[in-house]
Amino acid sequence: MKKHPTLVAGIRTGPAKVRKSQPTHIPGVRSGNAPGGYDNSPGHLPDGTSTARRSTGINAEKRDPILPEMPNLSPP
Amino acid sequence: METIKGGNGNLVDMNWDPITRIIGNLGVYTKIDFENRRVAECRTTSSLFRGYSVFLRGKDPRDAHFITSRICGICGDNHATCSVYAQNMAYGVNPPALSEWIVNLGEAAEFIFDHTIFQDNLVLVDFCEQMVKETNPGLLGKAEAAEAPNAALHGFKTIADIMRAYNPFEGKMYQEALRMGRVTREMCCLMEGRHVHPSTLYPGGVGTVASPQLFTDYLNRLLSVLDFVKRAVPMNDDLFNFFYEALPGYEEVGRRRIQLACWGSFQDPAVNDYRYQTMGTWGRAMFVTPGVVVDGKLVTNDLVDINLGLRILLGSSYYQDWQQEERFVTRDPLGNPVDHRHPWNQTTIPAPQKRNFEGGNYSWVMSPRWQDPATGEMFPLETGGGPLARLWSTALSGLVDTPYVKATGESIRISLPKSAELPEVVFEWKVPKWCNTIERDRARIYFIAYAAGMALYFIDQALGEIRQGRTRTFADFQVPEEAVGVGFHEAVRGVLSHHLVIRDKKIANYHPYPPTCWNASPTDSNGIAGPMEDAIVDTPIFEENGRDGFKGIDILRTVRSLDPCLPCGVHMYLGKGKVIEESHIPTLGLNGRMKR
């Protein structure tokens, strides 16, 4: 335990009211940026295109284009 | 309140601390020679310690863009973007092209937004009818008689009509600019999720869902902004040219040797891979070309040279030196030696003390300088408020070539297509003769047109990606055990760099260097004055008021031309112990003013 008052850069300070900040990530918890994140996202295809499944989980295939040669412009 | 030393002989102390109509906490202390109508001495000071570089240490680097965004309440997204660039380099991740176009669109909207409100609602108040009436009544008489050369484009018959359009709260352009502020912020929110602190910018890409509607919503708003821009540019030109004509010698106000810095903006995903090794190449491909311009000549546009030349000096700042502290990066990823005074190796050790203008320390701002690798000369570079350096550097490099914006080597041509009310217009910004107050302000309005033109190009590119079906906006990455990264970007008011060192997957060192650190830096250990000090010293005084009614308008115009980003109230000290306090109440308009 530090004795108070302490000197920080020549300024007298009292006891800290907060705990020292820690990195927010907890080891073992999956990070959004972790490799495989894109592949595991539904509706995002390996070639960089996407389908309506990207935007909705309800009857997504009915929102895809009616012909295969049409671009899949998924809804917002 | 601090006691200020009285005037020395004919020199009178005139001090503004803090300066209003800017963001932050800036004081300007001058000695004015009323007999010869010039500023004899100047010191710029900031009384605010931030400490981002202190408390970022030990944090998860993936939080850096969310934290550094809070550095500023007006250009936070510039910090977030710059931090993302630095992180991309450190993580070795290359985001998909569409995400880069989205970031560029968000940043273009920010440039239009911030420059518009600063220029029309804050800077031009210094040039409006009411202010000119109070400071140069003779000039207002001339303005009433002077016809506006571009009246056919903007609809204001005389220069005095233009000045009236910028009167706060009542003027037509003042009110229109406020409306534009709303529209352009909506544009930024579409791309970055939120303004000013983006919620959808991450290293590796963006979380924005890229649908065709996103871009058409943006374009719809942009077209309404184009009408405003097409009127504002000729209005500004008419007004500023009038000052040159009606007040011969006004070009000397705020003039200093041309020493400009631009770190580049708007990445080109076709070239950029975020590797340090190729930074020179992808830096030149940016849609605002980075560069150091000295005496009107381009010294370099290579981001590696720019990076290695950075030096953070002390001399008048409240910090202890870090020469005895750890050196984090001895060589850059290309093997070049990195100086101990470089931001990668800086350790911030605050040393609070009493302000001392007489040979002591007087500011919390450090003194960033740039050392020319060829000559070793150390330059106190300025940003010219942002746009002046950006346009100058881009024009001289002559690399930007898009259907809407083209750099010619000595000018920049901006073509804005037909919009809701007005036909196609071509503007040309030509490299000016001087780096002074008027040219810094003029460049700002041209850069709004520049950003609008680039936004049109970015929409074309983004919609091209969508039509190909390429809707990917993010890429995966892992945080390395050890890495270094640097982000170069432009905050609205000029150069912005973030230097990052990662160890044990945590931030070991992080130093953001925003534009006002450069512009409002104090005199350094070599005795070289900071850019704002340099620009104000020897500025001639054109104000017609004498010592008792003195407002210091020429000095304030110079300070605001640099768009300082350091909060508000006015305390004005007159020499010999007389103190006038003046507070403004915005809701009461021009007459909302109390003297105590």
- Top-ranked residue of the range A:44-76 - restricted to ones that are among the basic types (Lys, Arg) and open to solvent by 70 Å² or more (accessible area, probe 1.4 Å), ranked as farthest from the other protein chains (Cβ to nearest Cβ): A:62
- Message: Within the range B:512-520, does at least one residue satisfy the condition of being within 14 Å of another protein chain (Cβ to nearest Cβ) and either part of a helix (DSSP H, G or I) or not aromatic (Phe, Trp, Tyr) (or both)?
- Response: no
- Selection count where residues are facing chain B (nearest Cβ under 7 Å) and not aromatic (Phe, Trp, Tyr), scope the range A:31-43: 5
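Rundown of residues vs (1) at negative phi; (2) open to solvent by 10 Å² or more (accessible area, probe 1.4 Å); (3) of a type outside the set (S, T, N, Q), yes/no style:
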site: B:69; (1), (2), (3): yes, no, no
site: B:76; (1), (2), (3): yes, no, yes
site: B:81; (1), (2), (3): yes, no, no
site: B:87; (1), (2), (3): yes, no, no
site: B:134; (1), (2), (3): yes, yes, yes
site: B:149; (1), (2), (3): yes, yes, yes
- Would a scan of the range B:42-64 turn up a residue that is farther than 30 Å from residue B:202 by Cα, charged (D, E, K, R) and either part of a strand (DSSP E or B) or at pLDDT below 85 (or both)? yes
- Given the conditions (1) at pLDDT 95 or above; (2) open to solvent by 10 Å² or more (accessible area, probe 1.4 Å); (3) within 14 Å of another protein chain (Cβ to nearest Cβ), and given that residue B:502 satisfies all but one, which numbered condition is not satisfied? (2)
- Considering each of B:185, B:194 in turn, give the residue that is open to solvent by 40 Å² or more (accessible area, probe 1.4 Å), away from chain A (no Cβ under 14 Å) and farther than 30 Å from residue B:438 by Cβ. B:194
- Item | Answer from B:450, B:457 - the residue that is more than 20 Å from residue B:201 (Cβ to Cβ), assigned to a helix (DSSP H, G or I), hydroxyl-bearing (Ser, Thr, Tyr) and open to solvent by 10 Å² or more (accessible area, probe 1.4 Å) | B:457
- Item | Considering residues of the range B:314-370 that are more than 28 Å from the chain's Cα centre (by Cα) and not in a loop (DSSP other than H, G, I, E, B) only, the residue nearest to the other protein chains (Cβ to nearest Cβ) | B:331
- So residue B:487 fits all but one of (1) more than 14 Å from chain A (Cβ to nearest Cβ); (2) not in a strand (DSSP E or B); what number is the exception? (2)
- Please indicate, with yes or no, whether at least one residue in the range A:1-18 is part of a loop (DSSP other than H, G, I, E, B), within 11 Å of chain B (Cβ to nearest Cβ) and either modelled with pLDDT of 90 or more or loosely packed, with under 10 Cβ neighbours inside 10 Å (or both). no
- Query: Can you tell me how many residues in the range B:35-67 are more than 14 Å from chain A (Cβ to nearest Cβ) and open to solvent by less than 40 Å² (accessible area, probe 1.4 Å)?
  - Reply: 6
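The values are calculated or read from the model by the stated rules, or taken from the named source; none is laboratory data. The structure displayed is predicted, hence computed values, not measured ones. FYI the Cβ positions are ideal-geometry reconstructions off the backbone, even for glycines, and counts take in every protein chain you see. Accessible surface is based on the protein model in full, side chains and every heavy atom, while ligands, DNA and RNA are left aside. Shrake-Rupley method; radii C 1.70, N 1.55, O 1.52, S 1.80 Å.
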